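Q: Here's a structure for you.
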Amino acid sequence: MENFLGFPTGVSGADLAFRAQLQAIKFGARVAVPRRAEKLQPSTRPGYYEVTLDDGTNLLGRSVVIATGARYRKLGVPEEERFQGAGLYYAATELEARTCKGQEVVVVGGGNSAGQAAMFLASRASCVHLVHRGRDLSDGMSQYLVERLRHAANVSIETRSQVVELSGDEHLRTVKIRDGEGRVVARSVGGLFIMIGADPCTGWLKDAVLLDVHGFVRTGEDCGPDASVPFNVFQTNLPGVFAVGDVRSGSVKRVASAVGEGSVVVQAIHARLASLRQAEAPEPVTL
Ligand SMILES: Cc1cc2nc3c(=O)[nH]c(=O)nc-3n(C[C@H](O)[C@H](O)[C@H](O)COP(=O)(O)OP(=O)(O)OC[C@H]3O[C@@H](n4cnc5c(N)ncnc54)[C@H](O)[C@@H]3O)c2cc1C
């Protein structure tokens, strides 16, 4: 992570997660690691939900926050792990763009995120090669973006193509791309940007909450008429069950936004607990 507030020299995902865990324990959280949540369902105890873990333990809660994230799709070529963060990126922000200034870059993908990354990088890089394995960008990208890319002087759209090999020293230097005719071209690059989507970690939710067509958790207005009352933008169709971060449909997929969404639902959880307590309090006796 290079752009998370408070870490000017960057921090690895593992280090950040470890620090967060220590901090959570300090504030009284009970951590179950390594355990997987396997099921979420309303409990037989009224007003409670039940989360079943992979060791069979059932956790009861009046509110549940789903924050199981998403797995970023990888190219599946050798050396991909080694060059991660050293020329190979899964995001295209100002920071990555700066390291590629004036050099050639390769963007892989055929969706809007790949198109937006290519347009953004074209303003910094000498040339952007947009590599897409399909025949036509219009199949998965908004037409306005396809038009912009076609008219950009330093963007080359390479359909029916895929990255087949990476090489370099401590930094990625060369990307080999195979086209539809089987020809392989080696390109010297300042950066390779993988924008081929992410798979949500929602298999454990099955039919428990509403998901979008890609399997991300719907919240707020996205739940349509099934939105829970009182309304909250991060609440699922189940009252008191929230989804934040990468797992949420339409999320920004950045650390700061995941953390921010998590902090916002805390207030909603307190409000829910207070209203449940109020509803369950015995009626005052008037004499
Ligand atoms: C290589 C890479 C570089 C990145 N660089 C940046 C960057 O520089 N800046 C930035 O802002 N963002 C960056 N991101 C994106 C950022 O990592 C995510 O947006 C952020 O981590 C989302 O947080 P989250 O809590 O929603 O999900 P995650 O961080 O993915 O956390 C979800 C957790 O839930 C666990 N989990 C999944 N399923 C279950 C289950 N059934 N039971 C229990 N636990 C489960 C997962 O193992 C994981 O630990 C990067 C991502 C990648 C892959």
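The values are calculated or read from the model by the stated rules, or taken from the named source; none is laboratory data. Quick caveat: nothing in here was measured; it's all calculated off a predicted structure. As a convention, Cβ positions derive from the backbone with ideal geometry for all residues, glycine included, and neighbour counts pool all protein chains shown. SASA here: full protein model, heavy atoms, side chains in, ligands and nucleic acids out. Shrake-Rupley method; radii C 1.70, N 1.55, O 1.52, S 1.80 Å.
Q: Hey, got the dipole for the range 192-287? About the Cα centre, +1 on K and R Cβ, -1 on D and E Cβ, debye to the nearest 20?
A: Dipole of the range 192-287, to the nearest 20 debye: 240 debye.
Q: Whole-Hz Karplus ³J(HN,Hα) for the range 256-268, in order, using 6.51 cos²θ - 1.76 cosθ + 1.60 and θ = phi - 60°, x for Gly and Pro?
A: 4, 6, 4, 5, x, 4, x, 5, 5, 6, 4, 4, 5
Q: Also, quick follow-up: Using θ = phi - 60° and the Karplus relation 6.51 cos²θ - 1.76 cosθ + 1.60, list the HN-Hα couplings for the range 124-141 in order, rounded to whole Hz, with x at every Gly or Pro.
A: Using θ = phi - 60°, the values come out as 10, 7, 6, 8, 10, 9, 9, 9, 9, 6, x, 7, 9, 4, 4, 5, x, 10 Hz.
Q: Additional query: Quick one: check the C-alpha center-to-center distance for the range 1-66 versus the range 103-180, whole angstrom.
A: Their Cα centres are 37 Å away from one another.
Q: Hey, what do the phi angles of the range 5-15 turn into as Karplus ³J(HN,Hα) couplings, whole Hz, using 6.51/-1.76/1.60 and θ = phi - 60°, x for Gly and Pro?
A: 3, x, 10, x, 9, x, 8, 6, x, 5, 5
Q: Which semi-axes, in whole Å and largest first, does the equivalent ellipsoid of the range 80-196 have when worked out from the alpha carbon gyration tensor as the square roots of 5 times its eigenvalues? If you can, show how the numbers build up before the last one.
A: Details: eigenvalues 83, 56, 28 Å².
Working through the eigenvalues yields semi-axes of 20, 17, 12 Å.
Q: Sum up the lysine pairs in the chain that clear both bars: alpha-carbon distance under 26 Å and a spacing of 8 or more or different chains.
A: 9
Q: For the chain, what size does the Cα cloud have along each of its three principal axes, sorted from largest down, in whole Å?
A: For the chain, the Cα spread along each principal axis is 88, 40, 33 Å.
Q: Moving on. Rank GLU283, GLU81, GLU96 by accessible area, highest first, at a 1.4 Å probe radius?
A: Greatest to least solvent exposure: GLU283, GLU81, GLU96.
Q: If each residue of separation counts as 0.36 nm, what is the full-extension length gain between ASP54 and SER257 once their alpha-carbon separation is subtracted?
A: Extra length from ASP54 to SER257 when fully extended: 70.2 nm.
Q: For SER156, list long-range residues whose amide hydrogen, built 1.01 Å from N in the peptide plane, is under 5 Å from its own amide hydrogen.
A: Those qualifying (amide H under 5 Å, at least 5 residues apart or on another chain) are VAL128, HIS129, LEU130.
Q: Which value, in Å², gives the accessible area per residue of the chain when a 1.4 Å probe is used on the protein heavy atoms? Kindly include the intermediate steps, with their values, before the conclusion.
A: On the way: 16440 Å² over 287 residues.
Computed with neighbouring chains in place, this is 57 Å² per residue.
Q: Return the long-range amide H neighbours of GLU38 (sequence gap of 5 or more, or a different chain), with a cut-off of under 5 Å between placed amide H atoms.
A: Under 5 Å from the amide H of GLU38: THR52, LEU53, ASP54.
Q: Counting only protein heavy atoms, what percent of the accessible surface of the range 80-196 is carbon or sulfur at a 1.4 Å probe?
A: Of the solvent-accessible surface of the range 80-196, carbon and sulfur hold 45 percent.
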